[in-house]
1. Just the ratio, please: alpha-carbon radius of gyration of the range B:170-227 over 2.2 N^0.38 Å, N its number of residues.
2. What does the extension gain come out to for A:Arg89 and A:Ala16, with contour length at 0.36 nm per residue minus their alpha carbon separation?
3. So for the pair B:Arg459, B:Glu299, with labels modelled 7 Å out along Cα→Cβ, what separation do we get in nm?
4. Quick one: helix A:92-103 against the long Cα principal axis of chain A, what's the angle to the nearest 10°, folded into 0 to 90?
5. Taking θ = phi - 60°, what integer Hz values does the Karplus form 6.51 cos²θ - 1.76 cosθ + 1.60 yield along the range A:63-76, in sequence order, with x for Gly and Pro?
6. From the square roots a ≥ b ≥ c of the eigenvalues of the alpha-carbon gyration tensor of the range A:1-113, which class results: rounded (a/c under 1.5), prolate (a/b over b/c), or oblate?
7. Explain nothing, just compute: Karplus ³J(HN,Hα) = 6.51 cos²θ - 1.76 cosθ + 1.60, θ = phi - 60°, for every residue of the range A:173-180 in order, whole Hz, x for Gly and Pro.
8. Tell me what chain A gives for mean residue ellipticity at 222 nm when only DSSP H runs of n ≥ 4 count, each as -39,500 (n - 2.57), the sum divided by the residue total, rounded to 500 deg cm²/dmol.
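The values are calculated or read from the model by the stated rules, or taken from the named source; none is laboratory data. Quantities reported herein were computed from a predicted structural model and do not represent experimental measurements. Neighbour counts are summed over all protein chains in view; Cβ atoms, including those assigned to glycine, are modelled from backbone coordinates with ideal geometry. Heavy atoms of the whole protein, side chains included, go into the accessibility calculation; ligands, DNA and RNA do not. Shrake-Rupley method; radii C 1.70, N 1.55, O 1.52, S 1.80 Å.
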Amino acid sequence: VADPTTVTQLESYVRAEVNALYGPTAGGAEPSHPYNFEANRALTKLYQFFPHLADESCTALVLLLALLEYPSTDFLALSYLVPERVQEREPCATLKRCSDLLEQSQFGTFWVTFRELVINDSASEELKMATASPAAVAKIRMNVLGLLGMTYKVAPIGAVLSALDVKDAAALRDYVNGDAAAKKIVENVDVDGGKVVFTSREENTKKSRVFKEAVGLDAISAALAKGVHTSGQ
Amino acid sequence: PFPAYRLDLYRTPNSPQPTINATMSADPSSSDACLPSPIKDFVFDLHDTARRSHLAPEQSALYAATYAALTRKYFESNPWPSAKAISSECGDDPLFLAVYTELTARHLHSLGRPSVTDRIAGWCVYSKLFDALLSEVEGDVPTRAPGGNGLFLLPTWCFDVLHEFVYQFQGFCQFRTNAYAAAARAKGEGKTLGDGVTETLQVLSENREAWAVEKVLGYLHRLIAAGASTPATIATTATRGGPAYRHLGLMASVALSRLECLLGDYTSSLLALGPIFDPTAPKIPGGGAEGGEMRTAEEVVQSVIPARISLSYHAGVSYLLLRRYRDAAATLGAIGTYMQRGFKSGMFRSSPHSDQFGRQYDRVLALLAILGHVCPNLLADAGVVEDGVARLVRERHSGQLTKIESGEEGYEELFVFACPKFISANVPDYNRVLIGDAATQAEGGDVPTGQDAYRLQVRNFTSEMDVQSTLRKLRSYMKLYTSIDVAKLAAFNDVKAEEMGQLLLTYRHKTRQLQSTTATAGDADAAEADPAAP
C-alpha cells in the first residue's frame, strides 16, 4: 500500500496499457494490458505522496486513458488527485480542457482540441501516438454516439456529423454499417431527409403517463403538508 | 476531560497553551507504591476485562465512566502515570501497556497545543501500539500474552483509537504543510527564518518517517486484513489475537474511508467500506465468557454513534464529489434523520462526543442543501430524504439557495462550510528552505501555499456546480412539460435554438450516474441510473 518502489512498475503498466489499447497493434478482442483504473489511480496517488517521483508525461497518459473512458467519471475522480499546478501545465491542461468540453457536450470544439494534442510540444511521443490512433478516435466516437442515441430519437444529420467528427453523410452511413455496436444504436441514416434515426429505447422515447382515477389521501398528504408549510413562510 | 478529537474545543480564549513536550517525553519514575489505590484498581480491572474476562459491560463502565472520573479527580491538567509506573498492575503485559499508553496519550494531547516533538511522540505511541497488536496475529509463530484469552476491546474503544490516529495524522499534515509554506514564502521574499521555525523544520527533516503516509495507510490496511472476515482469518485472530481484532478491523475501515476522503481519493474512500457491508461476513460476538450477542459487521459499526456519523458523512462527501447524487442524498439523508431523532430523544447527551455532533449535523444539512438544489427531486422524495430533514434543510439554507437561484455564488460557500479539512500528505523538500535562498525558491517553482489540497477539491467542485446550475432551469421545464417545442424551450432557458441540442445532450449526460444496487453505503458495484427520474 502506497509503496514508492512500485512506481516504476505502475508506470510500465500505464505505458503498456496505452500501447495495447491505442498503439499500432491495437484493435484485438482481448488487449494484452486492459484498462485498469485502480492501477492508474494508485500511480496518481503515489505521485501525490512522493512528488519527486512524479512523471508528468505519465500523468498525462493516465488522464488520456481516463478521458477515453468517457462518459465514466474516471477523469473526474483523477482530477481530485492530480495537483493543480500539473493540471495547469501542458499537456495536462489540454487534456483537462478536452474533458470539460466532453462534459459540456461541446463535441465540435472537443475534436479540434483533441487533435491539437498530436502537435502539442509538451506531449510525449506516446501521448501523440495514442491521440492520433484510430482506436482512440473510434472509442470516443462510439461513446459520443451512445449519448446521442440516449438523447435523440431523430437528430439533424449535421449535428451528428459534427458530434462524431465524420466528414459527410456517406461516411457516417459507412461507419454505422461497418460497426456492429454503432448499428445497434443507429436505426437509419436518412441521407436525403438529412436526419439520423436512432434505435428506440427508454431514454429517447416519450414516456407514457399512467393516470389513476382515484388517488389515496396518503399519496397526496405529503404534498399538501409541503404546500401548507410553504404558504406559511 | 475525555479523549479529545478537536484540540480547539478544549481551549478557552484566555487559557494558557503550554506545550506538552516536557510531559510527553518525561517518563515519571513514580513507583507503584506511590499510585492512589483507585488508579491501581482501575488498571488491574481494565487489564482483566481486556485480557481475561472479556466482559463488555464491565469494560464499558471502566472505559467510559471510571476513566473520565479518575482523570477529573487526579489528572485534570497532568498526565496519567506512565506505563512503567503501572506495569505491575497488569503483569507487565506489553500489549496492554501499549494500549494503556495510547489511552492516556489522548488525554495528554487534550491538555494543550502539541509542539512538533509532541506530535512526533504521538506517532511513536501509535506505531508501538500497532506493531504490538499486529505482531500477535501476523506471522507464523503464534504468540499469546499473559492471560491466555487474547485481547478484547470494545468497538467504541477501537473506534476512538483509530479516529484519534487519523485525527493526529491530519493535524500533523496540516502543521507540516503550514510550517513549510510559511517558511518557503519568507525565504522567497528574502527574509531570514526565525529560530523557532528553523528548529521546527529541522525536527521535521530529521523525523521524516514520523507520520509517513505510506506507514499510516499500511497500518490501517494491515488492521483491516487482520480483522478480515474470511473463516481462516477469523480462526486465526480469534485463537491468537482475540475478538478485539474484528472490532479493530471494522473501525480501521471507517478510519481508512475517512483518510482517503481527506486525501481526495473518493473512490478508495467508498471501497474501504467494503468489509463493513459484506453480506457474507460471519457475525461478531459481543464479548464475554459466553460470546455475547451476535451482530453483523454493520451493526457493530452502527452501534458506535461517532463511527456511524463519520462513516456516513465521509461516504456522503465521496458520493457527492463523484457525482453520485442519489447515493449521496440517501446516505446523508439517513444519517440526518438518525441525528435529528438522536437530538430530540436526548440519546446523544450521554455520548462524550456530543459537543461535536451539532457541527457534524450542520455539515450534513449543508451538503443536503447542495444536493437538493442540484437535484430537487431528491429532497422531494421521502424515500431518499425524510420529510422532516428536507424541511429543515430548506429552512436553514433558504437564503443561500435563493442567492444561487439569482445567479450569485452560493455552492462554494456551502461546500467550504461542509467539507472535510483536506490534507496534503507529501513530505516537503526541507533543504530547499533550510539551505536555499530566495533564488532557490524562485528556481524550484511550485511553492506550496498550505491550502493546495483544499483549493483543488473546492475548485473541482465549483467547476462541476457551474455546469449543474445551468441545467437546473432546464430540468424544471423538463418536469413541467410532456412535450415542448425546442425553440420555446430554448427561449425559456435563455439560449439560442441551435444551442439547445448541446444543452439537452449535457443534461442527458449529467443526469446519468452510478447508483448503488444495494441499500448500503460504499457499494462500488453500482448500476447507471437517472436521479432525475421520478
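1. 1.50
2. Going from the current span to full extension adds 23.9 nm.
3. 4.8
4. It works out to around 20 degrees.
5. 5, 4, 4, 5, 4, 6, 8, 3, x, 5, 9, 4, 5, 4
6. Oblate shape, in that a/c is at least 1.5 and b/c is the bigger or equal ratio.
7. 4, 5, 4, 5, 5, x, 10, 4
8. It comes out at -18000 deg cm²/dmol, rounded to the nearest 500.
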